[in-house]
Structure formats: structure tokens, C-alpha cells
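Here's the structure, in C-alpha cells; my notes come after.
The values are calculated or read from the model by the stated rules, or taken from the named source; none is laboratory data. If you're wondering where the values come from, they're calculated on a predicted model, not measured in any experiment. Here the Cβ is made from the backbone with ideal geometry for all residues, glycine too, and neighbour counts use every protein chain on show. Just the protein is used for accessible areas: all its heavy atoms, side chains included, with ligands, DNA and RNA removed. Shrake-Rupley method; radii C 1.70, N 1.55, O 1.52, S 1.80 Å.
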Amino acid sequence: MAERTETHEFKTEVKQLLNLIINSLYSNQEIFLRELISNASDAIDKLRFKSQTDESILGDDTEFKIKLERDALKNMLTIEDNGIGMTYDEVLEDIGTIARSGSNAFIEAMEQLNKTDALTPELIGQFGVGFYSSFIVAEKVTILTRAVGEEKAVRWESHGDGEFTVTEAEKKSRGTRITLELRKKQEGEPDFTDEWTIRQIVKQHSDFVAYPIVMDVEKTEPIPETEQIKDADGKAVGETTRTVIKAETLNSMKAIWSKNKKDVTDQEYEEFYRHISHDWNPPLKKLHLKLEGTTEYTALLYIPSQAPFDLFNPEAKHGVQLYCKRVFIMDDCKELMPEYFRFVKGVVDAPDLNLNVSREILQQDRLVRNIRRNLVKKLFDLLNGLEAENYEKFWQEFGAVLKVGVHTDIENKNKIADLLRYKTTKSDGQWKSLKQYVDDMKPDQKEIYYITGENLSALLNSPLLEQLKSDDFEVLLMTDPIDEWVTQSLTEYDGKKLKSAEKGDLDLKKVDEDRKDKYETLFKHIRAKLEDTIKEVRPSTRLTDSVACLSGDTFDMSGYMEKILKSAGQTPPENKRVLELNMTHPVMDKIHGMFEADKKNPKLDDYIHLLLDLAVIGEGGKLEDPSKFSKLVGELMAAA
């Protein structure tokens with residue numbers, strides 16, 4: 001009887017998708033090998049599942065494996081598995097149609113069986129589409145497959161040009177063999193018959209596939225003494241080594257995230273961390289969890305002990321690796337980890353992610369959001385549970401990154417606030433949480449006071465804090481640029497409002513109205529002289545020892561924020577400051593006396609500008625005319 005042979009045309013939508021896949025869908029050519037290995041793993045999964053109820057179907061072939069064969073002379077690559085294989089009708093239905101997946105149909109059938117979770121096979125579920133990625137690199141693809149329990153095999157062939165043929169054939173054993181007749185390699189393209197190219201692809205994309213991926217490679221080995229040619233004295237003559245071809249397993253199959261935590265040693269955890277992070281320092285902490293139910297995934301996450309050198313480089317890749325049933329999908333899965341946790345390393349393996357047809361882009365769906373929400377919650381729990389010493393190490397390395405979440409993640413803003421740490425005017429150089437600050441507040445203190453700037457020492461000795469210190473109020477010292485955005489978003493904590501020591505009225509003491517009236521005319525004169533620089537001159541409620549400082553109104557931009565914008569090459573909006581003067585300072589009496597005696601005295605103008613310079617220096621700013629300041633100070637010292 002003649003063998004059955006049929007020629008078919010791809011359906012219109014298949015032609016369109018095939019054209020898309022070949023020309024633009026995959027960003028890297030090498031992805032085709034990941035897809036074919038993944039499909040081979042699926043096929044073995046199905047057979048392994050079926051054999052649990054009927055072991056006899058395995059026959060003598062009980063060692064599952066995926067075999068790669070390369071032929072540089074013929075420019076061919078072959079991927080073969082000893083999985084469940086396909087019948088003639090399955091080839092027509094599953095390979096001939098992208099819109100339908102044999103794996104999807106199998107999942108539906110399995111669900112109807114209502115088997116326990118232990119029997120659930122691991123499936124990728126995207127066979128049809130993944131297979132067609134072969135045409136990225138191949139000008140012709142041939143499938144030879146024999147389903148388990150079938151006598152006949154099936155051969156499928158296509159050039160990806162609109163037609164395919166299906167023929168009954170012979171094959172000695174079950175499983176599927178896919179042969180790619182590769183396109184001619186263009187300059188700069190990888191050689192997919194090269195041993196090291198294939199090794200690298202398997203290591204990167206399929207290292208944790210559950211079955212051995214084997215390939216014949218050349219090896220040098222010693223010739224056994226019994227086979228060596230020896231002279232009369234028994235010494236070897238000629239070669240003592242020879243080149244042999246041996247099968248080698250290319251993947252580690254060590255997907256430790258899929259194991260029970262009790263079965264993984266600390267050494268294995270550390271080795272895996274080094275593998276995915278390329279960081280030879282041990283991690284600070286790990287999080288290994290498996291969630292089952294409506295949202296199913298496994299995650300193994302690490303918090304590094306040291307920040308990478310490129311942590312703040314916007315071009316650097318950060319985040320977790322995404323796997324789908326041990327098959328690598330993407331390196332930097334931003335959809336599963338918020339920006340403020342970008343330092344977290346690890347893997348997330350989810351069987352039911354809604355990937356697009358190339359498996360390279362993760363769609364934003366409810367499952368993804370659930371996984372992200374759960375991971376973020378677990379990470380908060382982990383950080384809150386760290387010992388004080390370890391948390392201090394973490395904060396010094398990653399605190400500035402975590403603060404980003406206050407401004408970007410409204411939902412978790414309060415949880416992040418609990419993790420914030422600052423040095424204060426009373427903490428003696430130690431880190432302090434906002435909760436500790438609130439617990440230590442004086443009974444008559446209503447607000448949480450803070451000040452921002454670039455230098456801890458300058459902040460600690462800032463004139464703006466003099467009255468706060470005098471009243472024994474504690475002040476948070478914020479020295480990270482990101483703190484400016486933190487204070488914009490975190491306006492209160494535990495019912496206490498955050499109040500800048502630099503802006504608005506602190507309501508710390510009442511202004512002496514008699515003195516205010518006395519100095520009113522002088523203050524107007526000073527304001528007129530400095531109107532290009534400042535917007536107001538006021539009696540200070542902040543100063544006790546210093547003569548002058550610069551402050552702002554409640555909603556003004558801080559001086560530090562202005563510096564940040566300028567250093568970033570931006571032009572900040574015009575933001576004139578308020579010059580506050582200490583009416584009880586002896587200098588003000590001297591200047592007032594000079595003003596009363598002769599309002600046109602040229603020295604008076606010098607002293608007015610000197611007051612402004614002292615205020616600028618007090619907040620760590622730069623003087624417009626340092627030489628003039630130096631000259632005036634010199635004259636004052638000589639006169640004294």
C-alpha cells in the first residue's frame with residue numbers, strides 16, 4: 001500500500017503570523033533553539049504524565065533526554081526528543097495551525113480528569129507558535145515524529161513559503177526529530193552549527209530544563225595502556241591520547257527554586273546566587289517561596305549584601321529573571337518587580353503567565369499583578385524581619401533606592417515609610433526609624449521636623465535648627481537628593497505632619513513686637529537693597545546665636561532642591577528666598593545704629609550684603625563675590 005501523502009496550504013492567518021514571526025517577532029535569532037527545546041521538554045512531560053498510569057508505554061526507553069545534532073558541512077541542526085510524539089492527525093491539527101495548541105488541548109483534557117497536583121505535567125503550552133520560530137534561521141524544516149503506541153511515523157516538511165507536506169514514514173522509536181536546513185550565515189550572525197554557540201544558548205536559555213540536553217562533542221582522552229604501542233623497554237611509542245566523540249550534557253538541570261526549601265543547602269543557595277548575579281559576595285538574605293492556588297508560581301529572590309557599581313545607571317539591567325516551567329523568558333522582568341526593588345536578584349517561575357506569541361513580552365494582566373503584589377508583600381515582610389545589624393547594612397547599600405517607592409508607589413507608601421531610616425540631631429550618628437522618632441517626641445511637639453541638604457555636618461550645624469535645638473526638638477537630617485521627593489509625597493506619618501525646618505513659620509517663639517517695630521524701617525531698607533536676590537526680610541523665629549539665615553515660604557522650593565536641579569543641567573523656576581534676621585544679635589544693634597545715624601553711609605550697604613553672604617554660607621551655598629566678602633571680613637577684624 002502506498003504511503004499516505006498530503007500537501008496543504010497554510011491558512012491565511014497562519015501565513016500572516018508566519019511572516020510576522022520570521023521577519024520581526026523575535027528580537028534574537030537564537031530564541032528558536034529555546035523554543036524547540038521547550039517543546040521537546042513539553043513532549044516528554046506529557047509522556048511522563050501518561051506513564052504514571054501505564055508504565056508499559058515507555059518500553060525499554062526509560063531515560064528521557066533531548067538530543068542536539070549539528071552538521072557543519074551540510075549546515076544542518078537537529079533537535080530530537082523521546083517524548084510522546086504525534087500522530088498524523090495531531091501533526092495536521094497542531095503543527096498546521098498556529099491558533100491552536102496541542103498543549104492547550106492537553107491541559108483542558110487533563111483538567112477534566114481532575115488529577116491531583118502531584119500528577120500535573122509541566123507544560124509551556126505554546127507549541128505551535130514556538131515551533132515556527134525555526135524559520136527565522138532555517139530555509140527548510142523537517143519533522144519526523146512517531147506517537148507512543150503507534151506503528152507508523154509522520155514526516156512534515158515546509159520551506160515556510162505557504163505550503164507544507166505531510167507523509168506517512170518510518171521511525172524506529174517514539175518521539176520527535178526536527179531537522180533544520182539552515183540559511184546561509186550572514187556576516188555578524190551566529191553559527192548555529194558551532195559547538196560553543198550552542199553551549200552558550202543552552203546555558204543562557206535552557207540551563208534549568210528538567211531533562212538532560214545532550215550533544216556529541218569532541219574530547220581528548222588518554223589511550224588505555226593495553227592499546228598503546230610500546231617498545232622493547234615497555235615505553236609508549238607514538239600518541240598517548242586520542243580524540244573521541246562523546247555525548248555531553250549541556251544543561252545543569254539544577255532548578256533549585258522548584259525544590260523544597262528543606263532539600264536545598266546554604267551552599268547551593270549561594271552558588272545559584274553567584275550564577276544569576278555574578279556577585280561573589282554572599283547575599284544578605286534570601287526569600288524562597290511557592291504559591292499554589294488561583295495564582296501559582298515559585299520564586300527564589302535574593303537581597304545582595306553590596307550594591308552593584310551600576311545600581312544608579314539608567315542603562316543597567318536590574319530585576320528578576322522570568323522562567324516559564326524552567327524555560328528562560330527574560331532577564332529583567334520589570335513587570336514583576338517595582339523600580340524601588342530593582343536591586344533584588346532571583347527568579348520567578350510561573351506556568352500560566354500570559355505571554356505573547358514570542359514569549360518575549362509579558363502582558364499586563366491580573367495574574368501578573370497578583371504575582372507582583374505578593375512578591376512585594378513578601379519582600380516587605382522580609383525587610384521588616386531583618387535583625388538590626390543586617391538592616392543597617394541593607395539601608396546603607398539600598399536605602400536611597402527604596403525611597404523611590406515613597407514617590408512612585410502610592411499603595412505601599414506607608415509600608416515603605418516604616419522602613420525609612422535617618423540620622424537625626426539626637427541620634428549620635430545612628431540610623432533612626434520614623435516610628436522611633438515619633439515614640440521619642442516631646443509631649444508638646446506636634447510635628448516631625450526635618451531639614452534637607454547634601455552634607456550631614458552642615459545640616460547638623462545649620463543656623464535654621466538653632467531654636468529647634470534650644471527647645472530640645474529632634475530633627476531628621478535628610479542628605480539624599482531623593483529625600484526632596486520623599487517629603488513631597490510623605491506629608492505625614494502616624495498622624496504627625498512632616499515640617500521643614502527651612503520653610504514656613506515654625507511657631508516656636510513669639511516675635512518681640514516692640515523690637516519688630518524698632519527694626520521695621522531698617523528691614524524695609526535692607527529689602528530694597530537686596531530686592532534682586534530676596535523677596536522678604538523678616539524677624540527670625542529660628543535663630544538664637546547666628547545673625548542671619550535664608551528660609552522659604554511653606555510651598556517654596558528648598559535651597560537643596562534648587563542645587564539638585566542646577567547640577568542636573570536644569571534651570572529651576574525663579575525662587576527668591578526670605579532673609580531672616582536675629583533681632584537680639586548685637587550685630588543688628590550696631591547696623592541699626594549706623595542706619596539711624598546716616599542712611600547713606602556706604603559701609604551700611606557693605607554690611608547689608610555681608611548679612612546676606614553670612615546667610616548663604618550658613619546653608620552651604622556659594623557666594624556671588626567671595627573676594628568682596630573676604631575683604632569686608634578682613635576690615636572688620638582689623639577694626640576690632
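Out of segment 192-231, which residues are assigned to a loop (DSSP other than H, G, I, E, B) and under 30 Å from LEU322 (Cα atoms)?
Passing the criteria: PHE192, THR193, ASP194, SER206, ASP207, PHE208, VAL209, ALA210, TYR211, PRO212.
Just give me the residues in segment 488-502 being in contact with a Ser or Thr (Cβ under 7 Å, 6 or more places away or on another chain) and surrounded by fewer than 20 Cβ atoms within 10 Å (Cβ to Cβ), in sequence order.
LYS497, LEU498
Six or more apart or on different chains, Cβ atoms under 6 Å: show the pairs whose first residue is in segment 563-577 and under 15 Å from SER551 (Cα atoms) and whose second is among the β-branched types (Val, Ile, Thr) and open to solvent by less than 30 Å² (accessible area, probe 1.4 Å).
LYS576/ILE534; ARG577/ILE534
Does at least one position in segment 409-422 carry a residue that is free of Cβ contacts under 8 Å to residues at least 60 places away in the same chain and assigned to a strand (DSSP E or B)?
Yes, that holds for at least one residue.
Only residues that are open to solvent by 80 Å² or more (accessible area, probe 1.4 Å), at pLDDT 75 or above and in a loop (DSSP other than H, G, I, E, B): list them for segment 350-404, please.
ASP352, GLU387, listed by residue number.
Name the single residue that is surrounded by the most Cβ atoms within 10 Å (Cβ to Cβ) among those in segment 52-73 being charged (D, E, K, R) and touching a residue at least 24 places away in the same chain (Cβ under 8 Å).
ARG70
Give segment 327-350 a look and list any residue that's of a type in the set (D, E, K, R), within 11 Å of the chain's Cα centre (by Cα) and closer than 19 Å to HIS205 by Cα, or say none.
ASP331, ASP332, LYS334, LYS345 - these are the residues of segment 327-350 that are of a type in the set (D, E, K, R), within 11 Å of the chain's Cα centre (by Cα) and closer than 19 Å to HIS205 by Cα.
Can you tell me which of (1) over 42 Å from the mean Cα position of the chain (by Cα); (2) open to solvent by 10 Å² or more (accessible area, probe 1.4 Å); (3) over 30 Å from ASN414 (Cβ atoms) is the one LEU508 doesn't meet?
For LEU508, the exception is condition (3).
Anything in segment 234-255 that is out of contact with any Phe, Trp or Tyr (no Cβ under 9 Å at 6 or more places or on another chain) and not β-branched (Val, Ile, Thr)? List them, or say none.
GLY234, LYS235, ALA236, GLY238, GLU239, ARG242, LYS246, ALA247, GLU248, LEU250 - these are the residues of segment 234-255 that are out of contact with any Phe, Trp or Tyr (no Cβ under 9 Å at 6 or more places or on another chain) and not β-branched (Val, Ile, Thr).
Considering segment 34-57 alone, what residues qualify as being within 34 Å of the chain's Cα centre (by Cα) and of a type in the set (A, V, I, L, M, F, W, C)?
Once the filter is applied, which keeps residues that are within 34 Å of the chain's Cα centre (by Cα) and of a type in the set (A, V, I, L, M, F, W, C), segment 34-57 yields LEU36, ILE37, ALA40, ALA43, ILE44.
I'd like to check which strands (runs of 3 or more DSSP E) are fully inside segment 232-331 and have at least 3 residues that are open to solvent by 70 Å² or more (accessible area, probe 1.4 Å) and either in contact with an Asp or Glu (Cβ under 8 Å, 6 or more places away or on another chain) or modelled with pLDDT under 85 (or both).
Fully inside segment 232-331 and qualifying: 241-249.
Condition check ((1) of a type in the set (Val, Ile, Thr); (2) more than 26 Å from LYS509 (Cβ to Cβ); (3) within 57 Å of the chain's Cα centre (by Cα)) across all residues:
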| site | (1), (2), (3) |
| --- | --- |
| GLN570 | no, yes, yes |
| ARG577 | no, no, yes |
| GLU580 | no, no, yes |
| VAL587 | yes, no, yes |
| ILE591 | yes, no, no |
| ASP606 | no, yes, yes |
| LEU611 | no, no, yes |
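Which numbered condition trips up THR179, out of (1) at pLDDT 90 or above; (2) in a helix (DSSP H, G or I)?
Here THR179 meets the rest and fails (2).
Tell me which residues, restricted to segment 410-459, are among the hydrophobic types (A, V, I, L, M, F, W, C), under 16 Å from GLU492 (Cβ atoms), under 28 Å from the mean Cα position of the chain (by Cα) and surrounded by 15 or more Cβ atoms within 10 Å (Cβ to Cβ).
ILE416, ALA417, LEU420, LEU434
Anything in segment 525-560 that is open to solvent by 20 Å² or more (accessible area, probe 1.4 Å) and under 40 Å from the mean Cα position of the chain (by Cα)? List them, or say none.
ASP553, THR554, PHE555, ASP556, MET557, TYR560
Does LYS246 qualify as being within 28 Å of GLU387 (Cβ to Cβ) and not aliphatic (A, V, I, L, M)?
no
Does segment 7-50 hold any residues that are farther than 14 Å from SER134 by Cα, open to solvent by 50 Å² or more (accessible area, probe 1.4 Å) and either at pLDDT 85 or above or touching a helix residue (DSSP H, G or I) at 6+ places or on another chain (Cβ under 8 Å) (or both), and which are they?
THR7, HIS8, ARG48, LYS50
Hey, among the residues in segment 606-624 that are assigned to a loop (DSSP other than H, G, I, E, B) and open to solvent by less than 70 Å² (accessible area, probe 1.4 Å), which one's farthest from PRO463 (Cα to Cα)? Reasoning before the result, please.
Going through segment 606-624, the residues assigned to a loop (DSSP other than H, G, I, E, B) turn out to be 619-624.
Among the residues that remain, those that are also open to solvent by less than 70 Å² (accessible area, probe 1.4 Å) are: 619-621, 623.
On the way: GLU619: 8, GLY620: 11, GLY621: 13, LEU623: 17 Å.
Step by step, filter segment 606-624, then rank; the result is LEU623.
Exactly one condition in (1) crowded, with 17+ Cβ neighbours inside 10 Å; (2) at pLDDT below 90 is not met by VAL141; state its number.
(2)
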